[in-house]
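Novice: My questions will all concern the structure given below.
The values are calculated or read from the model by the stated rules, or taken from the named source; none is laboratory data. It should be emphasised that the depicted structure is a prediction, and the values quoted were computed from it without experimental measurement. So basically every Cβ, Gly included, is an ideal-geometry build from the backbone, and we count neighbours across all protein chains shown. Ligands, DNA and RNA are stripped out before the accessible areas are found, and what is left, the full protein with its side chains, is counted by its heavy atoms. Shrake-Rupley method; radii C 1.70, N 1.55, O 1.52, S 1.80 Å.
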Amino acid sequence: QAVCSASDSSFISGPYTFTLLCSVSSAPFFDDFEGHTPSVNIVQTNCWDAIGTTIGYDWNIDGMASTPSLNTGPSGAYSGVNYAYVEASSGTTGSSALFESPLIDLSSLTNPQLDFYYHMFGVDMGDLHISIYDGSNWITMDSIMGQQQTAETDPWLNRILPLSNFSGDTIRVRFISYKTATGFTGDVSIDDFRIGEAPNCPQPAFLNAFNINPNSATLTWTPTGSESSWALY
């Protein structure tokens, strides 16, 4: 073991810059991106990792209300000021951008679930896929295809995914945005990422199968077989 002193010619003075490895976070886990520094083409932000297949088609942290492009993106964050988004002005059809959460230990949860808010307004909107890494494999859990809002001012939508198959595991969550059109109006945005205990009375699944009439208090469903029509109030 060598001991260096100030008189040793091998002594190097500081300051030094180095990166600490991110530790595993315990559930419940919540990130509204308010603690992230707004920036573009991020590689890592607060232990979230971002990977883009095409220069410019990357995840960003926005703190300036709407995204830089017109006619796409939200008018502001779901909560607070910051949110994560993909800038669709760059990249070509087929480009993808990955955004991966920190490692999250689910062992403290009995019935874990993931929920987050998303905004996908723009006629060139691509697709958003959500996958879970269980320590060995990435497992695709859900996908949201194409435009989901019709204006910047439309409210953010909530997505809930059960994670009971991963109880006791340490996982990562990956959001993959795919560019499916050549235009720039396809800025995918997410906010208020949460992993916690599912409620005792969970929200019904597959409500996206219902057609929402904004001028009515009812949700209507068109049957696809011999079943009767139903209205959900």
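Novice: Ignoring ligands and nucleic acids, what accessible area does S39 show with a 1.4 Å probe (Å², nearest 10)?
Specialist: Rounded to the nearest 10, that gives 40 Å².
Novice: Extending each Cα 7 Å along its Cβ direction at I55 and V123, get the distance between those two points in nm, one decimal.
Specialist: A separation of 3.0 nm, rounded to one decimal place.
Novice: Hey, another quick one. For a label point 7 Å from the Cα of S26 along Cα→C-beta, name the residues of the range 93-118 whose backbone N is under 13 Å from it.
Specialist: Backbone N within reach: 105-109.
Novice: Suppose the chain between T93 and L70 were pulled fully straight at 0.36 nm per residue; how much longer would it get relative to their current alpha carbon spacing? Kindly include the intermediate steps, with their values, before the conclusion.
Specialist: Details: separation 23, 0.36 × 23 = 8.28 nm, distance 1.94 nm.
Length difference between fully extended and current span is 6.3 nm.
Novice: Assuming a ≥ b ≥ c are the square roots of the Cα gyration tensor eigenvalues, decide whether the range 49-112 counts as rounded (a/c under 1.5), prolate (otherwise, with a/b larger than b/c) or oblate. If you can, show how the numbers build up before the last one.
Specialist: Working: a/c = 2.94, a/b = 1.43, b/c = 2.05.
Since a/c reaches 1.5 but b/c is at least a/b, the shape of the range 49-112 is classed as oblate.
Novice: While we're here: For the range 135-186 and the range 35-64, what is the separation of their C-alpha centers, rounded to whole Å?
Specialist: The distance from the Cα centre of the range 135-186 to that of the range 35-64 comes to 16 Å.
Novice: Still on this structure: One quarter of the convex hull surface, Cα atoms only: what value does that give for the range 30-169 in nm²? Could you put the intermediate results ahead of the total?
Specialist: Numbers: hull surface 33.8 nm².
Taking the Cα atoms of the range 30-169, their convex hull projects to 8.4 nm² on average.
Novice: Once neighbouring chains are kept in place and the probe is 1.4 Å, which whole percent of the accessible area of the range 37-111 is contributed by carbon and sulfur? Working shown, then result.
Specialist: Numbers: 1810 of 3200 Å².
After summing per-atom areas, the C and S share lands at 56 percent.
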